[in-house]
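To keep things clear, I will list the structure first and then write my remarks on it.
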Amino acid sequence: MNVQQLRCICEVARQDLNVSKAAETLNTSQPGVSTQIRQLEEELGFAIFVRQRSRLVAISSDGALVIERAQRALMEIDDIRQLGRAHRTDENGTLAIAASHTQARFRLPTVLSKFTREYPKVQITIRPESGKAILDALITGRADIGVLSTFDSLPVGLVALPFHTYRRVLLVPIGHELLDMERPSLEDIARYPIVVFEPSNSRTTLLRELDRLHLRSPTLLQGTNADVVKAYVEHGLGVTVLPDIAFDPQRDFGLRAINVDHLFPESTTYLVLNNKHYLRPYTYAFITMLAPQLRREIVQKACTSSNP
């Protein structure tokens, strides 16, 4: 049994049994991945994957247990390497951040600008992801930090630290009729085409409220991110509800924001970590730049208390 075999089975599982994609991610050949898996199965004495005509179609029950333990083993191995690098230098290394598009686009740039000035040798990777993909990246070790505002449930091994609350605003183009209303209702909003983006906490909140009242917008347009959604609204294609951080009156001069605190409660932004991962000193530095109240001892205590 070797590390490469463990990487192969974990990556194949992560790629939904697509051996070709797994090989590409691991920078190796498809036959090489298949050989590594076969050798591990022969050593264990059972099949990790269920096959039909040499094609992987499922993960066996025993295989699921192996993959779960392999993922933990790989994270431990990575942490050992991180410890070694940390002893050599505290200012060299990598930092992978998985964040929702809104956070990556509107919150992180200022923090990253400060961080890169203080830690110029740290290589940063930003992964704009959906909520589920962010959690998956943390579990598999592809991300060190997650920043998001919504998740259905938190997988075992992850810890979520709230650090910011935000409001939502209704965005409309200049001269829109809704600007004449002091407190527009959901019924008022539903009379106009609605522009949303997926995935988005604002989207689910707005549409869930409309569904609750059995309201339907005449048109529902979807954009790929907040910038696209705002462009659609500015061009008169509809209205939208977004986190207030996504609106800057100095930049979005073709839009107007309407207060809708009476319609939507405040929401929370979370910093999510894997409590099994070793955090480098500069990772703690980034966290305190993002959320000054999350001092190192607070983060360590949260990770320790959630670690069975």
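All of the numbers you see were taken from the coordinates with simple rules; none came from a lab. Here the structure is a predicted model, which is why all the values come from computation and not from measurement. FYI the Cβ positions are ideal-geometry reconstructions off the backbone, even for glycines, and counts take in every protein chain you see.
For the chain, a crude dipole built from +1 on the beta carbon of Lys and Arg and -1 on the beta carbon of Asp and Glu, taken about the Cα centre, is about 640 debye to the nearest 20.
Of ASP136, ASP144, the sequence from fewest to most neighbouring Cβ atoms within 10 angstrom is ASP136, ASP144.
Remark on VAL239: its backbone amide H falls under 5 Å from those of ILE194, VAL195, a criterion applied only to residues 5 or more positions apart or on other chains, H modelled at 1.01 Å from N. Residue exposure proxy: PHE49, PHE264, ordered by other Cβ atoms within 10 angstrom of their Cβ from fewest to most, comes out as PHE264, PHE49. If a helix is a whole DSSP H run, which ones in the chain reach 30 Å or further along their own axis (Cα) and hold a mean Kyte-Doolittle hydropathy of at least -1.0? Passing helices, by number: 61-88.
The lysine pair tally for the chain, using Cα distances under 30 Å and a gap of 8 or more places or different chains, is 12. Estimated from helical segments only, the mean residue ellipticity of the chain at 222 nm is -13000 deg cm²/dmol, where each DSSP H run of four or more residues counts as -39500 (n - 2.57). Bridge orientation summary for the chain: considering DSSP beta bridges with both residues in this region, about 60 percent are antiparallel. Taking 0.36 nm per residue of separation and subtracting the Cα-Cα distance, full extension of the segment from VAL156 to MET289 would add 45.2 nm. Modelled spin-label separation between ARG69 and GLU43, with each label point placed 7 Å from Cα along the Cα-to-Cβ direction: 1.2 nm. Computed from the C-beta positions of ARG55 and THR304 and an R0 of 51 Å, the FRET efficiency is 0.70 to the nearest 0.05.
Nearest 5 is fine: what % of DSSP beta bridges in region 168-265 come out antiparallel, could you say?
65
Taking amide H positions as modeled 1.01 Å from N, with prolines and chain starts lacking one, the residues under 5 Å from ALA99 and 5 or more places away or on another chain are ARG127, GLU129, VAL147.
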